[in-house]
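Please read the structure below before turning to the comments.
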Amino acid sequence: MKKILLPNGLNVSAFALGAMNFGTTTSKEEAYRTLDTYMDLGGNFIDTSNNYAHWAGTGDESETLLGEWFSERGCRDKVVLATKVGFDRHGKGAGLRAEQIEYWIDESLRKLKTDYIDLYYAHTDDINTPIEETMEAFHRLVKKGKVRTLGSSNFDTWRLAEANMLAELKSLTPYTVMQQRLSYLNPKFEVGPKYAFNEIVNRERLRFLCDKNMPLVSYACLCKGAYENPALLPDEYTGGERLDFIRSMAAEKGVNPSALVIAWLANLDRCEGYPTVIPLFSATPEQLRDNARGIELSLSDEELALLNSK
Ligand SMILES: NC(=O)c1ccc[n+]([C@@H]2O[C@H](COP(=O)([O-])OP(=O)(O)OC[C@H]3O[C@@H](n4cnc5c(N)ncnc54)[C@H](OP(=O)(O)O)[C@@H]3O)[C@@H](O)[C@H]2O)c1
């Protein structure tokens, strides 16, 4: 699979695998099959969190399962591993205070059976903690070698800009990747995000990322399977012409609709004002094989313009 060398030095596959449900709603056997399939396809960019999936368990399951898989397969060094800190776990863990970051990194390293994280995300903003305290705590992890690079997820753009400005002034490690929701379908502006700051990406955010040469990891980009089954369309998205169009173009090109969504996202940086986008999604092994075809699919300038025009 195509690899992308990010400006922060990480060399990642063109799409990332979401491990959110591993060990809870996805059994260990199925998760291992999915992980092995992803590696067979040439993938290397795996996404988890210190709280996945606490709504269906304790929040330790995904990292614990990945740690077991790394040690059974001996493949930790072949993976660019991303995990996160800062979201709630049964009323515990929300926040980006120094003591929380220091506690949760060691928990993540223990569960993941590794001594470093390639990309450590602030999972969501914490407006009650001074930015300086958070950035200094993250920087200490980088200095200690526990973390290679930093990312942010579910931050307002201006808060990310402030954090990175402060990091620059104080010679601290900046955030170099943004993880935020983006899919092909248009959001309904009247429907707010379910959690604070987990907005769907808009044009202003894309221009910011493009200007800063910061890649976007677009999470939940398959709208939970709605491209294959429109009845699954999440409330916050509009179906309409875009959904019909992408489904019919996918049929013409001989791929499943999710594969074409992935192709569109992965080609967006060819359009003016768009950053590098790395689609991030969950899938079964069979869905993964179908969806991966999107990365190899060639899209002409005319097809890209047509998709954008809807
Ligand atoms: N930063 C954050 O705050 C945040 C939040 C949410 C998620 N994430 C990350 O993003 C990842 C993906 O999120 P997500 O699972 O919520 O959303 P998603 O990727 O949009 O949806 C994934 C679901 O779509 C369905 N699907 C995938 N390929 C398909 C295909 N070819 N045909 C039919 N259905 C298909 C599958 O559902 P079925 O299993 O039902 O078929 C799959 O579980 C997570 O694992 C996590 O790593 C991050």
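Rounded to the nearest 0.05, what FRET efficiency is calculated for residue 161 and residue 286 with R0 set to 51 Å and r the Cβ-Cβ distance? Once the sixth-power term is evaluated, E becomes 0.80. DSSP beta bridges confined to the chain are antiparallel in about 15 percent of cases.
Residues whose amide H lies under 5 Å from that of residue 80, counting only those 5 or more places away or on a different chain, are 45, 46; hydrogens are built 1.01 Å from N in the peptide plane.
Dipole orientation for the chain: of the candidates 139, 198, 163, 139 has the Cα lying most toward the positive pole (charges on Cβ; Lys, Arg +1; Asp, Glu -1).
If you put +1 on each Lys and Arg Cβ and -1 on each Asp and Glu Cβ, how big is the dipole of the chain around its Cα centre, in Debye rounded to 20?
Here the size comes out at about 420 debye.
Here the Kirkwood formula puts the hydrodynamic radius of the chain at 19.7 Å, using every distinct Cα pair. Kindly provide the trypsin sites (Lys or Arg not before Pro) of the range 193-270 that DSSP labels as loop, not H, G, I, E or B, and whose Cβ sees at most 13 other Cβ atoms within 10 Å. Here the trypsin sites (Lys or Arg not before Pro) that fit, given the DSSP loop and packing criteria, are 194. Of the GluC sites (Glu not before Pro) in the range 259-310, the ones in a loop by DSSP (not H, G, I, E or B) with at most 14 other beta carbons within 10 Å are 272.
Derived scalar couplings between HN and Hα for the range 224-239 equal 6, x, 5, 5, 7, 10, x, 5, 8, 4, x, 4, 7, 10, 8, x Hz in order, rounded to whole Hz, by the Karplus curve 6.51 cos²θ - 1.76 cosθ + 1.60 (θ = phi - 60°), x for Gly and Pro. Computed from the C-alpha gyration tensor, the three semi-axes of the ellipsoid equivalent to the range 84-176 are 19, 16, 11 Å, from longest to shortest. With contributions of -39500 (n - 2.57) from each DSSP H run of at least four residues, the per-residue ellipticity at 222 nm computed over the chain stands at -12500 deg cm²/dmol.
If R₀ is 35 angstrom, what is the calculated FRET efficiency for the pair residue 197 and residue 302, using the beta carbon separation as r and rounding to 0.05?
For R0 = 35 Å, the calculated efficiency reads 0.45.
Of the trypsin sites (Lys or Arg not before Pro) found in the range 1-102, those in coil by DSSP whose Cβ has at most 12 other Cβ atoms within 10 Å are 2.
Quick note: the coordinates plus some simple rules give every number you see, no bench work behind them. Not measured: the values here are computed from a predicted model. Using ideal geometry, Cβ is built from the backbone for each residue, glycine included, and neighbour counts are taken over all protein chains shown.
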